[in-house]
Amino acid sequence: MKSTAPQTILQLQQMKNDGKKIACVTAYDASFAAQAVAAGMDCLLVGDSLGMVVQGQDSTLAVTLEEMVYHCRAVRRGAPQNFIIADMPFMSYATAEQAMANASALMQTGIHMVKLEGGAAWVLDSVTQLTQRGIPVCGHLGLTPQFVHQLGGYRQQGKTEQAANQLYAQATELVQAGIRLLVLECVPETVGKYIAQHLSVPVIGIGAGYACDGQVLVSYDMLGLTPGKIPAFAKNFMLGQACIADAFKAYVQAVKAQDFPVKNG
Ligand code: KIV
């Protein structure tokens, strides 16, 4: 059967414009990628979270460009008709020159968009340089795992009015620089709602509340594979399901029906 999943950033943008929720999950290999898209996932993220859930590291910092290239190739083989975003690893975009060389290597694996964390001036510069050269960019604000040591842990961001205003200001600057998608991680529901409502590009939340334009989860968290505790905002969709395919389907349905995440306010 021919896939009806979005294959371009324009189709993801149209989903936001039409008020249709975007379901996304991380994938690191061909088999999981194939299961996720067969379940109706709108896009896949080759996250550098693979450093933690696949490699067993305690942060994403050790993941290399070569490792990302390897996993991007595998995911692309498993989901050849689907829109794939890939994380640029820690320090691989510290300068615009590095960003261009390293993003090119990721794009040449067949993925469609690269993701950069943060909203400082040096990130804006890389976003501008990449988009001017035809590389679509996804921003990532809020809890940015590559900044874990500066943030003092994996903790909620944007909790004060000042911090929330700063996040919104960074989000608008990223859009002006050229991002076409924004991942917003671990911020209060009200902050997720405000940013999604006021930004022209789709905002994909992870622990950012029900009102975002879409949701992303780490696949190992939502399949109950991650050892130990999963983040409070994640949910184990494997519970009550017979197989991984059914768990992915339950997640897609919950995102589309706005049953996940549950509205707090
Ligand atoms: O690496 C990753 O999986 C991510 C998600 C947490 C959004 O960036």
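Every read-out reported here was derived from the displayed coordinates using simple, explicitly stated rules and does not represent laboratory data. All of these numbers come straight from a predicted model, not from anything done at the bench. Cβ: placed from backbone, ideal geometry, glycine included. Neighbour counts: every protein chain shown.
Tabulated data
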{"quantity": "Per-peptide average of other Cβ atoms within 10 Å, ordering 78-86, 256-264 highest first", "calculated": "78-86, 256-264"}
{"quantity": "Segments 26-38, 120-132 sorted - mean Cβ within 10 Å per residue, highest first", "calculated": "26-38, 120-132"}
{"quantity": "Debye, to nearest 20: dipole size of the chain, +1 on Lys, Arg Cβ, -1 on Asp, Glu Cβ", "calculated": "620"}
{"quantity": "Table column - 3J(HN,Hα) (Hz), the range 34-39, Karplus curve with 6.51, -1.76, 1.60, x for Gly and Pro", "calculated": "5, 5, 5, 6, 5, 7"}
{"quantity": "Inter-site label distance for GLN176 and GLN162 at 7 Å from Cα along Cβ, in nm", "calculated": "2.2"}
{"quantity": "For the chain, calculated [θ]222 nm from helices alone, where every DSSP H run of n ≥ 4 adds -39500 (n - 2.57)", "calculated": "-12000 deg cm²/dmol"}
{"quantity": "Cut-off under 5 Å, modelled amide H: who pairs with HIS140 long-range", "calculated": "LEU116, GLY118, VAL183"}
{"quantity": "Other-chain or far-sequence residues with amide H under 5 Å of PHE83's (modelled H)", "calculated": "LEU44"}
{"quantity": "Above-threshold pairs, the threshold being 22 Å between Cα atoms, out of LYS21/LYS193; LYS159/LYS249; LYS20/LYS249; LYS159/LYS256; LYS16/LYS256", "calculated": "LYS159/LYS249; LYS159/LYS256"}
{"quantity": "Whole-Hz couplings from phi, Karplus 6.51/-1.76/1.60, listed for the range 171-186; x for Gly and Pro", "calculated": "4, 5, 5, 5, 5, 4, 6, x, 4, 10, 7, 9, 8, 10, 10, 6"}
{"quantity": "Span per principal axis, largest first, for the Cα atoms of the range 27-162 (Å)", "calculated": "42, 32, 27"}
{"quantity": "Whole-Hz couplings from phi, Karplus 6.51/-1.76/1.60, listed for the range 42-52; x for Gly and Pro", "calculated": "7, 7, 10, 10, 7, x, 6, 4, 4, x, 8"}
{"quantity": "Leading residue at positive end of dipole, the chain (Cβ point charges), from GLN157, LEU181, MET68", "calculated": "LEU181"}
{"quantity": "Relative packing of 235-245, 195-205, 167-177, which averages over residues the other C-beta atoms within 10 Å, highest first", "calculated": "195-205, 167-177, 235-245"}
